[in-house]
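Quick notes on the structure that follows.
The values are calculated or read from the model by the stated rules, or taken from the named source; none is laboratory data. Fair warning: this is a prediction, and the values are worked out from it, not measured in the lab. Every residue, glycine as well, gets a Cβ built from its backbone with ideal geometry; the counts of neighbours run over all protein chains shown. Ligands, DNA and RNA are excluded from the accessible area calculation, which covers all protein heavy atoms including side chains. Shrake-Rupley method; radii C 1.70, N 1.55, O 1.52, S 1.80 Å.
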Amino acid sequence: MAGKKNYLKVKSGLYLDPVHRKKIGSRIWLYMYILDQANWETGIVDYWIDNEVAEKLQIPKRTVKDQ
């Protein structure tokens, strides 16, 4: 999966607090993808299609919908 490289700023509580780590679990990858796709000025992901996200992340569409 080639593409642009981005740096994402994440609050330290997300990875330092065991409660947050346990709750987010494997969902971290979809969460980071959402952060990468978000318009940082509006806080909105302007374009989203579950099938395309699932294909890009190489995960089942059902996983995208469930998470």
key: Helix-only mean residue ellipticity at 222 nm for the chain, each DSSP H run of n ≥ 4 adding -39500 (n - 2.57), per residue, nearest 500   = -13000 deg cm²/dmol
ask   = What net charge do the residues around Pro60 carry, taking every other residue with its C-beta under 15 Å from that of Pro60, with Lys and Arg at +1 and Asp and Glu at -1?
value = +1
inquiry  = If you roll a 1.4 angstrom probe over the protein chains with everything in place, what fraction of the accessible area of the chain belongs to carbon and sulfur, to the nearest %?
reply    = 55
task = Can you work out the accessible area per residue across the chain, with the rest of the protein chains kept in place, probe 1.4 Å, in square angstrom?
result = 88
key: Cα-derived Rg over Rh, computed across the chain with Rh taken as Kirkwood radius   = 0.97
remark   = Any lysines whose Cα falls less than 21 Å from that of Lys22, other than same-chain ones fewer than 8 residues away, would be Lys9, Lys11, Lys65
task = Quick one: among Tyr33, Tyr15, Tyr47, which has the greatest mean-square fluctuation in a GNM of the chain with alpha-carbon springs under 10 angstrom?
result = Tyr47
Segment Ser26-Trp40, extension gain: residue separation times 0.36 nm, minus the distance between their alpha carbons = 2.7 nm
